[in-house]
Ligand SMILES: [Zn+2]
């Protein structure tokens, strides 16, 4: 049997374009241009690609903000959901999925700045419970990507309790220490995680365990693309120098680990993205298997012309289509929850979704 196929899941972390200076949004301050202008432009590109090239239509997973920061800015936890509701309803009607992207941003009233509030389970739980309740008035999300890819055993447990079935926060092999905080606290820690999908262990979300000790949520980590050694080294030096310069009074630490891969970003320059695409098609061919690309972007990247842009997005989609033809391997786009269901059926795992 020919199992060769590439499945692509594209998520969008629907964040504001930038953090406002204060903890309230002032009149005339527009921090959502990525949604207003970027998303309609992207839909035009999708329509043109499917019409002129007969490519499959990319259905996306829109991960919407609903959390304490939104409440502080707008007195509405689910402001980006309610304010752009017509757009989300129309996308959803056309087959896109509406998921959730909670950020644990909090306001420091002494320093007058936003900071990641990641070390207090009680605060996190309140943020998640109220955020999920607010978004659920409009949609009931079953997929999630957390802000900064930060995860913890506590958050995973809360997501399961709220009814989330799929998480896309994993960054295989990556760990980064938080700026301006103790060296033991991290912005994310996925050091032992691989690209394999798994049900997270209750005692260590980064890995799996025997089925009884796992949580009933499928982790589908983001996909990796190989990068050249020199580039990997430059990134390693850049991130660590930047981190340690920002903390001049602390002992220097390795804040960012060295790796010869990076996360596949659909809006990033095709030179970097296409290495990953080639690898996935090659793996599928050699292993006679279904392979997955799990990638994401932000709306504000659709407005830029730099390293991340809408034209890169278009070029990367065309490249996937061209390589599919070259390798003779089909591909299709699925949303996060569709892909999880598909994967569990293919691997006969539906039964081990625990209580
Ligand atoms: Zn975000």
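Counting other beta carbons within 10 Å of each residue's own, what order do 269, 298 fall into, fewest first? Can you show the working numbers first?
Working: 269 16, 298 20.
Starting with the residue having the fewest Cβ neighbours, the order is 269, 298.
Explain nothing, just the number: relative contact order of the range 94-153, from Cα pairs under 8 Å at least 6 residues apart, as a whole percent. Intermediate results must be reported in sequence, preceding the final value.
Values: 49 pairs, mean separation 28.6, N = 60.
Dividing the mean separation by the residue count of the range 94-153 yields 48 percent.
For the chain, what class follows from the C-alpha gyration tensor (a ≥ b ≥ c being the square roots of its eigenvalues): rounded when a/c is under 1.5, otherwise prolate if a/b is larger than b/c, else oblate?
Taking the square roots of the gyration eigenvalues as a ≥ b ≥ c, the chain is rounded.
When the distances between all Cα atoms of the range 1-96 are binned every 5 Å from zero, what whole-number percent does each bin get?
Cα pair-distance distribution for the range 1-96, in percent: 2, 11, 18, 22, 15, 11, 8, 5, 4, 2, 1, 0, 0.
What percent do you get for the relative contact order of the range 54-114 when only Cα pairs under 8 Å and 6+ apart count? Mind dumping the intermediate values first?
Values: 74 pairs, mean separation 24.9, N = 61.
Across the range 54-114, relative contact order equals 41 percent.
Once label points are set 7 Å from the Cα along Cα→Cβ at both residue 259 and residue 305, what is their separation, rounded to one decimal in nm?
Inter-label distance under the simple model: 3.3 nm.
Once you sort the root eigenvalues of the Cα gyration tensor of the range 210-355 as a ≥ b ≥ c, which label holds: rounded (a/c under 1.5), prolate (a/b larger than b/c) or oblate (the other case)?
Working: a/c = 1.99, a/b = 1.27, b/c = 1.57.
Oblate is the answer for the range 210-355, as a/c is 1.5 or above yet b/c matches or exceeds a/b.
Within the P(r) computed for the range 75-214, what percentage of the Cα pairs occupies the region above 28 Å? Walk me through the numbers on the way to the answer.
On the way: 2272 of 9730 pairs.
Of the Cα pairs, 23 percent sit more than 28 Å apart.
Determine the distance separating the Cα centre of the range 25-55 from the Cα centre of the range 287-339; give it in Å without decimals.
When both Cα centres are located, 17 Å separates them.
Springs between alpha-carbon atoms under 10 Å, Gaussian network over the chain: tell me which of 130, 336, 78 tops the mean-square fluctuations.
130
Give me the number: length gained by fully extending residue 140 to residue 290, i.e. 0.36 nm times residue separation minus the C-alpha to C-alpha distance, one decimal in nm.
Values: separation 150, 0.36 × 150 = 54.00 nm, distance 2.88 nm.
Gain on extension, residue 140 to residue 290, equals 51.1 nm.
Spin-label point model (7 Å from Cα, Cβ direction): what's the residue 121 to residue 53 distance in nm?
Rounded to a tenth, the inter-label distance reads 4.8 nm.
Would you kindly state how much longer the chain becomes between residue 211 and residue 349 on full extension, computed as 0.36 nm times their sequence separation minus their alpha carbon distance, in nm to one decimal? Don't jump to the answer; show the numbers that get you there.
Working: separation 138, 0.36 × 138 = 49.68 nm, distance 1.08 nm.
So the chain would gain 48.6 nm between residue 211 and residue 349.
Taking the simple approach of a point 7 Å from Cα along Cα-to-Cβ for both residue 342 and residue 318, what is their distance in nm?
Output for this residue pair reads 2.5 nm.
At 0.36 nm per residue, minus the direct Cα-Cα distance, what do residue 129 and residue 244 gain on full extension? Give it in nm, one decimal, please.
Once the chain is fully extended between residue 129 and residue 244, it gains 37.9 nm.
Every read-out reported here was derived from the displayed coordinates using simple, explicitly stated rules and does not represent laboratory data. The shown structure was predicted, so the numbers you read here are calculated from the model rather than taken from an experiment. Every residue, glycine as well, gets a Cβ built from its backbone with ideal geometry; the counts of neighbours run over all protein chains shown.
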